[in-house]
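Visitor: Here it is, the structure, as structure tokens.
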Amino acid sequence: MIELIAGAFRTLAPSPAIANESVVPFNLNDKKLRISVAWVDGRLYALDDLCTCGPYSCPLSGGLLSGRTVMCQCHGSRFDVTTGAVVDGPATGALSVYEVQELDGDIQVRG
């Protein structure tokens, strides 16, 4: 399930801050939200950075990105970065995903 969060676009970082095939965390302090931005196959994806594996959430930005999935370093759950869906548990809840774009050399997210 894809849940795009509404709001205005905001600049997170210059484009070179996120290398291809990597995941980088960002804090949206005013929203009290931590997201990850992944650059996979020349496309940007933004999703919640904290896993839904249990009572102790771990940052997915510290996990292993393999193709279009990111693995939680603490619990082993894998999530699809394009949809936020759980690919393998123990997580049962999908992650929220956010609209993201590259504009004028900056990475921007709507949220």
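Visitor: Scan the range 2-12 for residues that are in a strand (DSSP E or B) and either at pLDDT below 65 or more than 13 Å from Q101 (Cβ to Cβ) (or both) and report the count.
Guide: Qualifying residue count, the range 2-12: 1.
Visitor: Additional query: What about T69, is it among the hydroxyl-bearing types (S, T, Y) and over 15 Å from R43 (Cα atoms)?
Guide: no
Visitor: Here are some residues: V70, V97, V40. Which one is surrounded by fewer than 20 Cβ atoms within 10 Å (Cβ to Cβ), touching a Gly at 6+ places or on another chain (Cβ under 9 Å) and of a type in the set (A, V, I, L, M)?
Guide: On inspection, the qualifying residue turns out to be V40.
Visitor: Still on this structure: Just name the residue that is farthest from the chain's Cα centre (by Cα) out of those in the range 44-61 that are touching a residue at least 24 places away in the same chain (Cβ under 8 Å) and open to solvent by 10 Å² or more (accessible area, probe 1.4 Å).
Guide: Checked the range 44-61; the qualifying residue farthest from the chain's Cα centre (by Cα) is G54.
Visitor: Would you check if I18 is of a type outside the set (G, A, S), under 9 Å from the mean Cα position of the chain (by Cα) and within 13 Å of V100 (Cβ to Cβ)?
Guide: No, not satisfied.
Visitor: Name the residues in the range 77-92 that are part of a loop (DSSP other than H, G, I, E, B) and exposed (fewer than 15 other Cβ atoms within 10 Å of the Cβ), would you?
Guide: Within the range 77-92, G89, P90, T92 qualify.
The values are calculated or read from the model by the stated rules, or taken from the named source; none is laboratory data. Note that the structure is predicted; figures quoted are calculated from it, not measured. Cβ sites come from the backbone with ideal geometry, for glycine too, and all protein chains shown count toward neighbours. Surface areas here come from the heavy atoms of the whole protein model, side chains and all, with no ligands, DNA or RNA. Shrake-Rupley method; radii C 1.70, N 1.55, O 1.52, S 1.80 Å.
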